[in-house]
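Here's the structure we're looking at; comments come further down.
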Amino acid sequence: MDVERRPDGSLRFSFPQIVLLRAAEGLRQRGVPARRIGRALRRLSRQLPAGRPLSAVHIEARGDEVLVRDSGTVWAPETEQVAFDFSVGELASRVAPFAARVAEERQAAGDMDADDWYDLGFDLEAVAVDEAHRAYREALRLDPGHPDALVNVGRLLHEAGRVDEAEGRYRAALEADPEHPLAHFNLGVALDDAGRVDEAAEAYRRALVCDPRLSSAHFNLARLLEASGDFQGTVRHLAAYKTLRDDDQRARG
């Protein structure tokens with residue numbers, strides 16, 4: 001990792017280097033051997049598609065193994081083998097038929113309002129995405145401007161790679177609720193993925209106006225500011241991100 005040294009002798013880390021160091025420290029704290037951390041992160045950097053930053057994936061430890069999660073896929077960068085989360089996968093396979101039945105019964109009963117359908121969709125997401133999507137559609141049939149349902153439908157579309165459609169849902173959510181921080185943030189992610197970085201940065205800023213404690217917005221905005229050469233903005237938002245993450249860790253004990 002080549003680090004720039006300033007004239008005064010201090011080191012200046014680029015944002016990708018900071019992300020890499022943060023990931024390495026998190027793995028070290030979980031007991032992963034240093035040699036394995038270095039090997040896994042070097043290989044991961046080569047495995048990600050061009051333009052896909054390390055900040056876009058979640059790096060975790062399972063025992064002394066390094067695993068990466070990205071868009072529903074889990075793999076070990078050292079071996080490039082896809083891993084499977086058996087606990088979640090087994091639960092989903094067992095519960096999905098019952099989830100479909102519950103959705104059909106609730107629809108037939110006709111006694112649910114838009115909020116009820118939204119709550120059902122939220123509960124179903126972990127085990128039956130298709131049924132969750134169906135529940136959100138019912139919520140939007142009853143209330144086309146339900147902002148939370150629009151955001152979650154947008155996210156499901158986004159995860160399926162339908163970024164343009166996701167953007168439309170996020171913008172519809174903001175028409176219904178202009179102060180919805182998650183709608184601004186998710187819109188920023190969609191614009192970011194589409195390469196529209198200036199618009200993405202503005203969406204992240206608006207998310208933070210609505211919720212200054214939205215740590216992920218600070219992190220993503222810092223990454224874009226670093227790429228644009230705004231070092232002061234990068235440091236400011238990265239510091240805010242670290243403070244919020246530390247607060248969350250202390251709150252969890």
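The values are calculated or read from the model by the stated rules, or taken from the named source; none is laboratory data. Computed from a predicted structure; not experimentally measured. Ideal geometry is used to build each Cβ from the backbone, glycine not excepted, and the neighbour counts take in all protein chains shown.
Among what's in the range 195-253 and is hydroxyl-bearing (Ser, Thr, Tyr) and without any contact (Cβ under 8 Å) to a residue 60 or more places away in the chain, pick the residue that is farthest from Glu179 (Cα to Cα).
Of everything passing the filter in the range 195-253, Ser228 is farthest from Glu179 (Cα to Cα).
If you take the residues in the range 217-227 that are of a type in the set (Gly, Ala, Ser) and closer than 18 Å to Ala207 by Cβ, which one is surrounded by the most Cβ atoms within 10 Å (Cβ to Cβ)?
Of the residues in the range 217-227, the ones of a type in the set (Gly, Ala, Ser) are 217, 222, 227.
If we keep only those that are closer than 18 Å to Ala207 by Cβ as well, we get 217, 222.
On the way: Ala217: 28, Ala222: 26.
Applying the filter and picking the extreme gives Ala217.
When you check Glu165 against the structure, is it in a loop (DSSP other than H, G, I, E, B), in contact with a helix residue (DSSP H, G or I) (Cβ under 6 Å, 6 or more places away or on another chain) and not polar (S, T, N, Q), yes or no?
Values: in a loop (DSSP other than H, G, I, E, B): no; in contact with a helix residue (DSSP H, G or I) (Cβ under 6 Å, 6 or more places away or on another chain): yes; not polar (S, T, N, Q): yes.
The answer is no for Glu165.
If we keep just the residues of the range 173-209 that are surrounded by fewer than 20 Cβ atoms within 10 Å (Cβ to Cβ) and under 20 Å from Gly229 (Cβ atoms), which is modelled with the lowest pLDDT?
Gly195
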